[in-house]
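Report on the following structure.
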Number of protein chains: 2
Amino acid sequence: MLTIALPKGALLEDSIKLCQNIGLDFSAFLDSKNRQLQINDPENKACALLVRAHDVPVYVEYGQAHLGIVGYDVLREKNSQVAQLLDLKFGFCRMSVAVPENSKIERPESIPPHSIVASKFVRIAREYFKGIDVPVEIVPLYGSVELGPITGMSEAIVDLVSTGRTLRQNGLSEIRTLFESTARLVGHPLSYRLNQDDIATWVEKLSA
Amino acid sequence: MLTIALPKGALLEDSIKLCQNIGLDFSAFLDSKNRQLQINDPENKACALLVRAHDVPVYVEYGQAHLGIVGYDVLREKNSQVAQLLDLKFGFCRMSVAVPENSKIERPESIPPHSIVASKFVRIAREYFKGIDVPVEIVPLYGSVELGPITGMSEAIVDLVSTGRTLRQNGLSEIRTLFESTARLVGHPLSYRLNQDDIATWVEKLSA
């Protein structure tokens, strides 16, 4: 039986709609009273795991889920050994560098050396600044990254931006987009190659 | 003016009570409509930052908060350069190794080599198993760690246990307590030594 890992949070509703389109109903996960993290669809054709977005590539990499839905931002950050199968064209957002509006920094290249950059995406931030040869210290934060510049802890942030509302509300402005992100379908590479549990058919349905 | 970092989540209510005991009212953070992450107490004696528990030691280490309240579990995991000032004697819980109830493993030492152990506390788990010389692979998960053994991804977990209810509901049982944890008051080491903004007086009040 197919097992698919679905991400909690912003991508969940669209992920469940997508599954419904191919005849798999996991809408029970949207019930606020639901506490189950593992359910079968009513026709017992497939099983879904409800996990944190960052954990989706883990369950797929270790083969506990044949397929998973997760944002490209998380895939870039986690660098997991999973097969990227489809761009699902929802969950549009972008990874950006932002600084306080009143800052004199207009582009990442002008961030003074040894500045502090706060981010939930430590690997992405580190690789980006290494790539442009600007030596900064990346400080990992788990949430509310915008508080970094507000408190004066960091000169800049690297964060995921959707509408840009949170940035504006906190007096921050984007100075560079690193990449655009959308939801992706990922698969366990070996299961996919060996077409275990007929994954290929499911991927084909999802791509339609 | 004193700045104190308070942790979102399980320790927030007791942390705010503690502050109220010494005349600092940050109860605005408990208002479900509140969206501010930085507030002053009504008498403008101190400022509080509302951040994720894992970010408390970061704000203190980088000097944006003189003091912070955070669980010992997070301090152990983050290994931040902060001064531990007081055991606040609330937020009791323990860090434990757990395995499925039907597993034959009765103690961590009998976990077969090269098993997978899932945890949110990667550093703690890695150091523990290294200490007892059991070679396991630690797989980092962000949430719902109990799903690791349920899906068969991991043989064991290392996780924070409060009442033990989540473990029981998921058919897991504890086989070792690594340490007990409580909320701690931490400080910026240099600010504390230099007694900036009269931190020592605040710490004394809090210890009373």
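Can you list, shortest first in nanometers, how far A:Thr177 lies from the same residue in the other copies, with each label 7 Å from Cα toward Cβ? Output for A:Thr177: 5.4 nm, nearest copy listed first.
As a fraction of the 1.4 Å probe accessible area of chain A, surface on carbon and sulfur atoms comes out at 45 percent. Sorted shortest first, the separations between the A:Lys130 label point and its copies elsewhere in the assembly read 2.1 nm; each point sits 7 Å from Cα along the Cα-to-Cβ line. When you filter the chymotrypsin sites (Phe, Trp or Tyr not before Pro) in the stretch B:57-139 for DSSP loop state and at most 14 other Cβ atoms inside 10 Å of their Cβ, you are left with B:Phe92. For the stretch B:93-180, the spread of Cα positions along the three principal axes, ordered from largest to smallest, is 30, 25, 24 Å.
Using the Stokes-Einstein relation with a Kirkwood hydrodynamic radius computed over Cα pairs, the translational diffusion coefficient of the protein assembly as shown at 25 °C and a viscosity of 0.890 mPa s comes to 106 µm²/s.
Once all Cα-Cα distances of chain A are split into 5 Å bins that start at 0, what whole-number percent is in each one? Reading upward from the zero bin: 1, 7, 15, 17, 16, 12, 10, 9, 6, 4, 1, 0. Ellipticity at 222 nm from helices only: DSSP H runs of n ≥ 4 in chain A, each -39500 (n - 2.57), divided by the residue count, give -7000 deg cm²/dmol.
Interface burial in the stretch A:33-51 reaches 40 Å² or more for A:Arg35, A:Leu37, A:Gln38, comparing the full protein assembly with the chain by itself; accessible area from heavy atoms with a 1.4 Å probe. Residue by residue, the stretch B:189-201 carries 3J(HN,Hα) couplings of x, 5, 4, 5, 5, 8, 6, 4, 6, 6, 4, 3, 4 Hz when phi is fed to the Karplus relation 6.51 cos²θ - 1.76 cosθ + 1.60 (θ = phi - 60°); x denotes Gly or Pro. Rounded to the nearest 10 degrees, the inclination of helix B:122-131 to the longest alpha-carbon principal axis of chain B is 50 degrees. Using Cα centres only, tell me the gap between the stretch A:158-175 and the stretch B:63-111 in whole Å. Centre-to-centre distance over Cα atoms comes out at 33 Å. Within the stretch A:93-180, antiparallel bridges make up roughly 65 percent of the DSSP beta bridges whose residues both belong there. With respect to the axis relating copies A and B by rotation, the chain A residue whose beta carbon is closest, plus that distance in Å, is A:Tyr142, 5.
GNM, chain B, Cα, under 10 Å: largest mean-square fluctuation among B:Ile132, B:Ile124, B:Ile69? With Cα springs under 10 Å in chain B, the top fluctuation among B:Ile132, B:Ile124, B:Ile69 is at B:Ile132. Taking the DSSP bridge list for the protein assembly as shown and keeping only pairs wholly inside it, about 60 percent are antiparallel. For B:His114, inter-copy separations between label points set 7 Å beyond Cα along the Cβ vector come to 4.7 nm, shortest first. Relative to the longest principal axis of the Cα atoms of chain B, the long axis of helix B:12-21 lies at roughly 30 degrees. Residue pairs exceeding 25 angstrom between C-alpha atoms, taken from B:Lys33/B:Lys120; B:Lys8/B:Lys33; A:Lys130/B:Lys8; A:Lys104/B:Lys8; B:Lys104/B:Lys130; A:Lys130/B:Lys120: B:Lys33/B:Lys120; A:Lys130/B:Lys8; A:Lys104/B:Lys8; A:Lys130/B:Lys120.
The values are calculated or read from the model by the stated rules, or taken from the named source; none is laboratory data. All figures in this text were calculated on a predicted structure; none of them were measured in a lab. Note that we place each Cβ from the backbone using ideal geometry, even for glycine, and neighbour counts take in every protein chain shown. Just so you know, the surface numbers come from the protein's heavy atoms only, side chains and all, with ligands and any DNA or RNA stripped out. Shrake-Rupley method; radii C 1.70, N 1.55, O 1.52, S 1.80 Å.
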